[in-house]
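Accompanying notes for the structure given below.
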Amino acid sequence: MIRHVEKLNFTIIAKPEDYKVNYTIYDNEGIDLNGNVLFHRKNASCHPDIVENIEDAEIFIHGEVKWDGCSNWHFDEQDRVMIHGCCKEDVERLGLILGICWDMTKDLCPHWSY
């Protein structure tokens, strides 16, 4: 399942399993005139290096939310560089996107029991 969260500039790919949902989160670079979401190219040597295909995009965060509400997250972006925010909203959106994933798990995880 793919969900674009336009207000936060993130795209989520959710892969449900019996007792957890795995998430991959991409930071959106914008939307083109045709409505296509744009991403930063993985392993790019400069910024911006825009791609439309999510398979070619850099992962920002990945992790999981389990059946009991516990979650584990890895900030892939921090493996490349520091997590950067130009304003308060930039850092708040990190918590908001993780909360959205948590909420999605209630509907996607067959054994949700929180």
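Throughout, read-outs are computed from the coordinates displayed, never taken from laboratory work. This is a predicted model, so every value here is computed, not measured. Glycine gets a Cβ as well: all are built from the backbone with ideal geometry, and neighbour counts include every protein chain shown.
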What does the net charge come to around residue 106 if you take all other residues with beta carbon closer than 13 Å to its beta carbon, with K and R at +1 and D and E at -1? -1
Which chymotrypsin sites (Phe, Trp or Tyr not before Pro) in the range 1-33 pass both tests, a DSSP loop state and at most 15 other beta-carbon atoms within 10 Å? 19
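Keeping to pairs on different chains or 8 or more places apart, tell me how many lysine pairs in the chain have Cα atoms under 19 Å apart. Working shown, then result.
Numbers: 7/88; 15/66; 15/106; 20/66; 20/106; 66/106.
Close lysine pairs found across the chain: 6.
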Within 10 Å of each candidate Cβ there may be at most 14 other Cβ atoms; applying that plus a DSSP loop requirement, which trypsin sites (Lys or Arg not before Pro) in the range 30-114 survive? none
Extending each Cα 7 Å along its Cβ direction at residue 43 and residue 96, get the distance between those two points in nm, one decimal. 3.4 nm
If the label point sits 7 Å along Cα→Cβ of residue 84, residues of the range 23-67 with amide N under 11 Å come out as 47-48
Given R₀ = 22 Å, what would the calculated FRET efficiency be for residue 17 paired with residue 107, taking r from the Cβ atoms and rounding to 0.05? 0.95
For the chain, the longest principal axis of the Cα atoms and the Cα long axis of helix 88-108 enclose an angle in degrees, to the nearest 10, of 40 degrees
Column: log10 I(q)/I(0), Debye, Cα scatterers of the chain, q = 0.10, 0.23, 0.24 Å⁻¹: -0.30, -1.33, -1.39
